Amino acid sequence: MPQIYYLPDQRLVTADDAETILETSVVSGIPHTHVCGGSARCSTCRVWIVEGLDCCAPRNDAEQSLAHRLGFEPRIRLACQTQIFGEGRITLRRLAFDAEDAETLDAQQSIHDVASPFGEEKQIAILFADLRQFTSFSELLPAYDVIYVLNRYYRRMGKIIEQCGGMVNNYMGDGLMALFGLDEPDGATHRAVQAAVEMQEAMSIFNSYLDSLYRRHLQVGIGIHFGQVVVGSVGSSSKDRRITAIGDAVNYASRIEAATKRVGAKILISEEAYTQIWQTVKVERQCKLDIPGKSGQYTLYEVGDIERQTRIIQNVDLSTHRSSPLLFRQRIHLFIRHLKAGLKRFLSRFL
């Protein structure tokens, strides 16, 4: 007979064949919310099948109708309708413990984006950018000018981040946090560093604008790290929910950005990020630093430039090469240029 391992209860129970998950819960004395009495008229009994989805019967019409309306992913099942069979074992997590939980889950399910609404682990590149001396600069301006300048800065930097395949997910006063690799993990670090270099170039133009109006210049410090995070949608309601990343990697990226002030650098990246792009990045220097909140010293690299990925070529479908020989030759030329640059840097380490 099948077995069910319940989370967060950490209980393993045996079920009868063709018994629904909710029936097993009730018989086993596991408190399982089911406001409508188990008739598929609500979703409070929903569970997340962590393991053993193949031991669950396909959705019946009643469950499929509700799942379609609420946008359930395949592993989210209604316990009152899901039958289990065979000799296997499933591991599930009860998601709603009361009516308020159910409302929260409904809000989460309304987010259809690159991240699972229930959270998932991903390897991504995290970029933090912070305007230096903006507080003292803003004290000299009327309130309208402060917000206008800040929005103009964010609009310019946000466009660069988006064009490089990133997503700004948080604004913090005069700082921002951007994520790369949520939907396309390959090359995430390269895209993040390319965005950082282009952001610094854009600051030169932005400073010309500030100089003409206020006779002032600003600088931006950027820190980048590549690591594992938990990604999901958070917020109090569906209207203000957004994708965010949580974990030590995020904190480390923030600390790297803060370190740019200590060493007088514009762009610093972690060793984990450097190992991803060492063939294509130009490093001005490396330094070992104590990082607040972490033990020991960490090696950081100051970035001067990086081999640019031509965005038009980067985003072209390979199927177009048959009808666009020129575009295909451009892509081959870019590949050879990257290969030569990487080989040159590699040989320089040993010669």
Quiz item: Does Ile49 fit the bill of being out of contact with any helix residue (DSSP H, G or I) (no Cβ under 8 Å at 6 or more places or on another chain), closer than 22 Å to Glu120 by Cα, among the β-branched types (Val, Ile, Thr) and touching a residue at least 12 places away in the same chain (Cβ under 8 Å)?
Solution: yes
Self-check item: When residues of the stretch 246-272 are limited to those that are among the hydroxyl-bearing types (Ser, Thr, Tyr) and under 18 Å from Lys288 (Cβ atoms), the one nearest to the chain's Cα centre (by Cα)
Solution: Tyr252
Exercise. Answer with yes or no whether Thr44 is closer than 23 Å to Asp9 by Cα, surrounded by fewer than 18 Cβ atoms within 10 Å (Cβ to Cβ) and hydroxyl-bearing (Ser, Thr, Tyr).
Key: no
Quiz item: Mind checking which residues of the stretch 5-29 are among the aliphatic types (A, V, I, L, M) and either within 12 Å of Ala79 (Cα to Cα) or not assigned by TED's automatic domain parsing to the domain that holds Ala57 (or both)?
Solution: Ile21, Leu22, Val26
Exercise. Go over the candidates Ala115, Ala102, Ala96, Ala57 one by one and state the one that is modelled with pLDDT of 85 or more, surrounded by 13 or more Cβ atoms within 10 Å (Cβ to Cβ) and either out of contact with any Pro (no Cβ under 7 Å at 6 or more places or on another chain) or not assigned by TED's automatic domain parsing to the domain that holds Ser233 (or both).
Key: Ala57
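Residue-by-condition table, conditions (1) surrounded by 19 or more Cβ atoms within 10 Å (Cβ to Cβ); (2) touching a helix residue (DSSP H, G or I) at 6+ places or on another chain (Cβ under 7 Å); (3) farther than 30 Å from Ser138 by Cα:
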{"position": "His190", "(1), (2), (3)": "yes, yes, yes"}
{"position": "Glu201", "(1), (2), (3)": "no, no, no"}
{"position": "Ile205", "(1), (2), (3)": "no, no, no"}
{"position": "Leu213", "(1), (2), (3)": "no, no, no"}
{"position": "Ile224", "(1), (2), (3)": "yes, yes, no"}
{"position": "Ala245", "(1), (2), (3)": "yes, no, no"}
{"position": "Ala253", "(1), (2), (3)": "yes, no, no"}
{"position": "Tyr274", "(1), (2), (3)": "yes, no, yes"}
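Conditions (1) assigned by TED's automatic domain parsing to the domain that holds Ile160; (2) outside any helix (DSSP H, G or I); (3) modelled with pLDDT of 95 or more, marked per residue:
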| residue | (1), (2), (3) |
| --- | --- |
| Ala202 | yes, no, no |
| Tyr209 | yes, no, no |
| Ile222 | yes, yes, yes |
| Lys239 | yes, yes, no |
| Glu257 | yes, no, yes |
| Lys282 | yes, yes, no |
| Ser295 | yes, yes, no |
| Tyr298 | yes, yes, no |
| Gly304 | yes, yes, no |
Quiz prompt | Pair list, Cβ < 8 Å and 6+ apart or interchain, from the stretch 61-72 residues that are in contact (Cβ under 8 Å) with a residue 40 or more places away in the chain to residues that are part of a helix (DSSP H, G or I) | solution = Gly71/Gln109
Quiz item: Given (1) touching a helix residue (DSSP H, G or I) at 6+ places or on another chain (Cβ under 7 Å); (2) at pLDDT 80 or above, where does His68 come up short, assuming only one miss?
Solution: (1)
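Quick grid of which residues meet (1) among the hydrophobic types (A, V, I, L, M, F, W, C); (2) touching a residue at least 60 places away in the same chain (Cβ under 8 Å); (3) more than 20 Å from Glu162 (Cα to Cα):
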site: Gln194; (1), (2), (3): no, yes, no
site: Gln200; (1), (2), (3): no, yes, no
site: Ile243; (1), (2), (3): yes, yes, no
site: Ala249; (1), (2), (3): yes, yes, yes
site: Ala253; (1), (2), (3): yes, yes, no
site: Lys266; (1), (2), (3): no, yes, yes
site: Glu272; (1), (2), (3): no, no, yes
site: Trp278; (1), (2), (3): yes, yes, yes
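The values are calculated or read from the model by the stated rules, or taken from the named source; none is laboratory data. Just so we're clear, the structure is a prediction, and the values are computed from it rather than from any experiment. With ideal geometry, Cβ positions are generated from the backbone for all residues, glycine too; neighbour counts draw on all protein chains shown.
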